[in-house]
Amino acid sequence: MGSTEVVLKTIGSIQQVRDRFRVMQSRQKSYVDQRQSALKFQVGDFVLLKVSPWKGIIRFRKKGKLRPRFIGPFRITAPVGKVAYRLEFPEELSQIHNTFHVSQLRKCIAEKTTVVSLDDIQVDGSLNYVEKPVTILDRKTKGHRNKELKLVKVQWQHRKGSEWTCELEEEMREHYPDLLTATDFGDEV
């Protein structure tokens, strides 16, 4: 077998791999095209706007399942290009720029009466909000392997769903020292 035959065989193998790769790409593209549709809104439609908690303020690296992820509804006033829309905001959100990419919007299919009010959530210019502890409702000690964990039941402000959570007492002391005082439940500091 000469060197030209090896080269021709290699070129043939490369061409076969390229053809199979094109067929695979075409199959994947048609699959995605069938199942993915670009979001398009009309002027006058109502949408929900995506919000996120402050980075670095997420309590103890936990993310609440029931925290609000979208606020609204807001009316679309105009399209801006192919993938952005301008929204109509109430007066309390006038400091926020009113143009958003389609990835930040969700079509609102709920009735206006079931929507979370903006009075319940304080949103800043970056569309962030903070959950703040209000009070300690209860305290208990739980045995875990060879040590005891001190837990506190904390009531939160701006929390949807369950308004309280159980947190470690030492983390609460570290992050919110004014919340836990020496007189809480007869505790001595």
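Residues in segment 31-43 that are part of a helix (DSSP H, G or I) and surrounded by 10 or more Cβ atoms within 10 Å (Cβ to Cβ): Tyr31 alone.
Being closer than 28 Å to Val47 by Cα, at pLDDT below 80 and not hydroxyl-bearing (Ser, Thr, Tyr) is true for just one of Glu188, Glu88, Glu163. Which residue is that?
Values: Glu188 fails: closer than 28 Å to Val47 by Cα; Glu88 fails: at pLDDT below 80.
Going through Glu188, Glu88, Glu163 in turn, just one is closer than 28 Å to Val47 by Cα, at pLDDT below 80 and not hydroxyl-bearing (Ser, Thr, Tyr): Glu163.
Restricting to segment 47-85, and then to whatever is on the phi < 0 side of the Ramachandran plot and among the aromatic types (Phe, Trp, Tyr), can you tell me which residue is modelled with the highest pLDDT? That would be Tyr85. In segment 91-142, the qualifying residues are those that are basic (Lys, Arg), modelled with pLDDT of 85 or more and more than 30 Å from Ser37 (Cα to Cα), and the one that is surrounded by the most Cβ atoms within 10 Å (Cβ to Cβ) is Arg139.
The values are calculated or read from the model by the stated rules, or taken from the named source; none is laboratory data. All of these numbers come straight from a predicted model, not from anything done at the bench. Cβ coordinates were reconstructed from backbone atoms using ideal geometry, including for glycine residues, and neighbour counts include every protein chain displayed.
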